[in-house]
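Structure first, then comments.
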Amino acid sequence: MFPSLINHLKKFNFIQNEPLSKHSTFRVGGVAKYFYDTENIDDVPELIAWAKSKPVPYFILGGGSNVLFKDSGFDGLVVKISADKISLDPKGVLAEAGAKMAEVARFACANDFSGLEEFSSIPGTIGGAVYGNAGCFSKDIGSALLRAWILRDDKIVSVKNDYFDFKYRWSKLKNTHEVVLKVLLKTSAGSCDKSRMDEILKLRKEKQPWGLSAGSFFKNPGSTPETSAGYLIEKCGLKGEKVGGAQISSKHANFIINMGSATSEDILDLADCAKKAVKKQFDIELEPEVRIIG
Ligand SMILES: Cc1cc2nc3c(=O)[nH]c(=O)nc-3n(C[C@H](O)[C@H](O)[C@H](O)COP(=O)(O)OP(=O)(O)OC[C@H]3O[C@@H](n4cnc5c(N)ncnc54)[C@H](O)[C@@H]3O)c2cc1C
């Protein structure tokens with residue numbers, strides 16, 4: 001484990017007892033024992049080496065738009081990756097893991113490259129997107145990724161798309177927990193379809209609620225509208241259902257909203273209520289898309 005690094009570890013000024021609610025779009029969660037927000041991608045291997053040497057568990061955080069931190073917090077190190085450089089490469093666009101999906105899409109567009117338009121409306125970072133194979137409107141990040149630099153067995157390695165074994169809202173990283181440091185995304189020369197970007201944003205505003213959430217709470221168990229998690233939860237009559245300060249959105253039943261005063265437990269109880277109702281009525285097991293931490 002990075003023996004040379006352990007001897008020469010940079011002195012990091014960790015924040016102690018950092019409220020994780022500040023770093024998740026749900027705005028809930030307890031504190032992280034240690035927290036470090038880095039804008040330098042080269043810090044990441046060292047930070048992980050530090051956690052391993054303590055030893056304490058570590059968790060990699062991007063934009064916090066697909067996580068639910070429990071009220072009990074995280075008894076280890078949370079590394080927030082804010083390294084977000086984006087540049088052009090002869091094969092496409094290079095982005096550090098902390099670059100926002102929307103920024104990467106806009107950068108490509110501003111440089112007259114197309115192919116990333118759909119991603120302009122997805123919150124969060126490119127690192128988080130690769131982890132969960134984020135996507136929308138029939139396109140996911142797995143279809144655009146050419147290559148990534150990841151931290152594997154404490155070494156930085158470059159891997160191609162097929163390494164990730166991308167599936168619907170799934171990449172191999174969900175099993176290995178390797179860290180994405182940088183990605184190369186495929187783009188096509190030719191002007192970017194700005195009207196497609198506007199159309200997607202408009203559709204989102206029409207169909208999805210505003211408010212504090214982590215997007216869709218559950219994965220869709222099937223690929224038809226009648227087997228989407230939102231449809232099934234709605235059919236159970238749960239739109240608008242509340243537990244404490246959390247509510248199932250009355251606009252889209254797969255969104256759980258923190259109405260302002262929710263605890264993580266309220267959200268989990270409400271999710272459990274939806275899961276049990278769908279199981280009882282349709283004999284379908286809903287699986288969270290949101291990562292539950294703590
Ligand atoms: C309003 C709203 C709408 C949304 N709409 C969509 C949508 O249309 N489609 C969709 O797919 N998602 C959607 N989401 C969910 C979310 O935006 C995506 O899943 C996004 O890709 C998460 O990125 P993040 O940086 O916020 O990840 P985080 O929430 O910070 O982390 C999520 C997971 O990724 C891991 N991770 C983060 N960075 C890295 C890294 N560098 N290396 C390895 N693992 C990492 C974390 O450890 C964690 O397990 C939506 C969320 C919101 C709030």
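Here the simple spin-label model places points 7 Å from the Cα toward Cβ, and for Ser72 and Thr176 these points are separated by 3.0 nm.
Straight-line reach only, C-alpha to C-alpha below 16 angstrom: list the aspartates and glutamates that Lys70 could link to, leaving out same-chain residues fewer than 8 apart. Result set, ordered by chain and number: Glu18, Glu265, Asp266, Asp269, Asp272, Glu289. Comparing Lys167, Lys85, Lys100 in a Gaussian network model of the chain, where Cα atoms under 10 Å apart are tied by springs, the biggest mean-square fluctuation is seen for Lys167. The Cys residues in the chain with no partner Cys Cβ within less than 4.7 Å of their Cβ are Cys136, Cys236, Cys273. Ordering Pro45, Asn133, Ser158 by Cα displacement along the dipole of the chain toward the positive end leaves Asn133 in first place; charges were set at the Cβ atoms of Lys, Arg (+1) and Asp, Glu (-1). Just checking the listed ones, Val243, Val183, Val31: in the Gaussian network model of the chain with Cα springs under 10 Å, the one fluctuating most is Val243. Per-residue Cβ neighbour counts within 10 Å put Ile86, Ile60 in the sequence Ile86, Ile60, beginning with the fewest.
Every number here is computed from the coordinates shown, using simple stated rules; none is lab data. None of the values given here were measured: they were computed from a predicted structure. All Cβ positions, glycine included, derive from the backbone under ideal geometry; neighbour counts span all protein chains shown.
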